[in-house]
Amino acid sequence: MSPRPQYPFSALHGQPQLQLALLLAAIDPHIGGVLIEGPRGTAKSTSARALAELLPGQRFVDLPLGASEEQLVGSLDIQAALQNAEVAFKPGLLARADGGVLYVDEVNLLADALVDLLLDVCASGVNRIERDGISHQHEARIALVGTMNPEEGELRPQLLDRFGLFVRLGAQIDPASREAIVRSRLAFDRDPHGFVERQRHAQQALIGRLEQARACVGRLDFSDALHRQVSSLCHAAGVEGVRADLVMLRAAAAHAAWLGQEQISDGDIEAVAELVLAHRRKTPPAQSEASAQQVQQQGRQQPAPDSADNWGALPPQAVATQALSGARPLPKKKP
Ligand SMILES: Nc1ncnc2c1ncn2[C@@H]1O[C@H](COP(=O)(O)OP(=O)(O)OP(=O)(O)O)[C@@H](O)[C@H]1O
């Protein structure tokens, strides 16, 4: 009997902002991961596990709150290095998560130094460790997913800013969504293999799409006009530094790649802006919107991540729906 399967990504209900943020972070890990704020039982861990299944490595690594720095980055056996003149590296959790998802539940309760380190490695894509003049490095292409419940303590603003994207899940789930979620979950629990088999086609579509997006995201470039639009949005939100600008451009490119576009458009920027700005904004949204609109002179606004829409049906622009419905055919692979 094969092992019990995971609940599939294609069967997640609603939460379009969460699904979008996870997919973007998986397309380009340099975005710097996703921080999810929300109450218990809202599919935070289920979605992160489901995301791992869409990735080639299919790796899902849980970072325990008590983890040490050595457990995280790995360790070097200095004795062996001196005796055998070769580096003996014992992989840590970061090495295990390479090519997959690293999940940090209650990241706000993790030691600041560890969060710092984690964010550094995930954003750079490389884990480099050095001990007594001996060093070793390995790739760390990781989609980082952190969760926090604000009732249990805030994350320091410095660390907050270093998470690429932010999603706030609403506390209330409307009755229709509850019913749909519970119905699916019960069906899965009753017959996990049958459930997964029925989702196979939709899952394969997501996997193929993600693979293509990851392959082509690096080729996408943006015009000066789009760059200007990003600068004005970030300026209007009163964010510190330029990390938000960098993340917004990367996230917009990932969004365009996900949709199979040849170019990044202002629609891509609008789709990701709130995910990038929500946790960095110093200027209240209404004020910053007015100010950004002066520059942009156009703009479909997407719902703020804490709006009631979190639980509703996916809006038309929700990327996962587009993939699942097949509304937009996959572009032909370039040779
Ligand atoms: N939107 C959803 N789509 C599918 N399943 C959902 C959804 N929301 C909740 N569930 C189901 O609710 C249960 C709880 O989800 P999960 O354990 O992922 O929550 P969590 O947010 O990680 O909670 P905690 O913070 O307590 O760890 C799971 O069985 C999951 O399948």
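Structure notes:
- Single match in ARG250, ARG219, ARG198 (criterion: outside the structural domain of ALA143 (by TED's automatic domain parsing), free of Cβ contacts under 8 Å to residues at least 12 places away in the same chain and farther than 30 Å from SER2 by Cα): ARG219
- Residue within the stretch 52-61 that is within 13 Å of the chain's Cα centre (by Cα) and open to solvent by 10 Å² or more (accessible area, probe 1.4 Å) present: no
- Residues that are outside any loop (DSSP other than H, G, I, E, B) and open to solvent by 50 Å² or more (accessible area, probe 1.4 Å) within the stretch 230-254 comprise HIS235, ARG243, LEU246, ARG250, listed in sequence order.
- Strands (runs of 3 or more DSSP E) enclosed by the stretch 22-136 - at least 1 residues per element that are without any contact (Cβ under 8 Å) to a residue 60 or more places away in the chain and closer than 28 Å to ALA180 by Cα: 60-62, 101-104
- Any hit, the stretch 152-164, residues being assigned by TED's automatic domain parsing to the domain that holds LEU18, under 17 Å from ALA43 (Cα atoms) and touching a Leu at 6+ places or on another chain (Cβ under 8 Å): no
- Qualifying positions in the stretch 20-56 - modelled with pLDDT under 95, near the ligand (Cβ under 10 Å from one of its atoms), under 26 Å from MET248 (Cβ atoms) and of a type outside the set (Gly, Ala, Ser): THR42, LYS44
- Odd one out for ALA123, checked against (1) touching a Lys or Arg at 6+ places or on another chain (Cβ under 9 Å); (2) open to solvent by 50 Å² or more (accessible area, probe 1.4 Å): (2)
- Qualifying residue in the stretch 2-9 (condition: away from the ligand (no atom under 16 Å from the Cβ), part of a helix (DSSP H, G or I) and open to solvent by less than 20 Å² (accessible area, probe 1.4 Å)): no
- Helices (runs of 4 or more DSSP H) wholly inside the stretch 155-226 containing at least 3 residues that are β-branched (Val, Ile, Thr) and within 16 Å of the ligand (Cβ to nearest atom): none
- Filtered residues of the stretch 234-263 (kept if among the aliphatic types (A, V, I, L, M), in contact with a helix residue (DSSP H, G or I) (Cβ under 6 Å, 6 or more places away or on another chain) and over 19 Å from GLN17 (Cα atoms)): ALA236, ALA237
- All of (1) out of contact with any Pro (no Cβ under 7 Å at 6 or more places or on another chain); (2) in the same structural domain as LEU22 (by TED's automatic domain parsing) hold for ARG168 with one exception: (1).
- Qualifying residue in the stretch 81-92 (condition: more than 16 Å from the ligand (Cβ to nearest atom), in contact with a Lys or Arg (Cβ under 8 Å, 6 or more places away or on another chain) and at pLDDT below 95): no
- Single match in ALA140, ALA95, ALA123, ALA111 (criterion: within 14 Å of the chain's Cα centre (by Cα) and at negative phi): ALA123
- Residues in the stretch 137-151 that are open to solvent by 70 Å² or more (accessible area, probe 1.4 Å) and either touching a helix residue (DSSP H, G or I) at 6+ places or on another chain (Cβ under 7 Å) or not in a helix (DSSP H, G or I) (or both): GLN137, GLU139, ARG141.
The values are calculated or read from the model by the stated rules, or taken from the named source; none is laboratory data. Predicted model, so just to flag it, every value in this text is computed and none were measured. Cβ atoms come from the backbone with ideal geometry, glycine included; neighbour counts cover every protein chain shown. Just the protein is used for accessible areas: all its heavy atoms, side chains included, with ligands, DNA and RNA removed. Shrake-Rupley method; radii C 1.70, N 1.55, O 1.52, S 1.80 Å.
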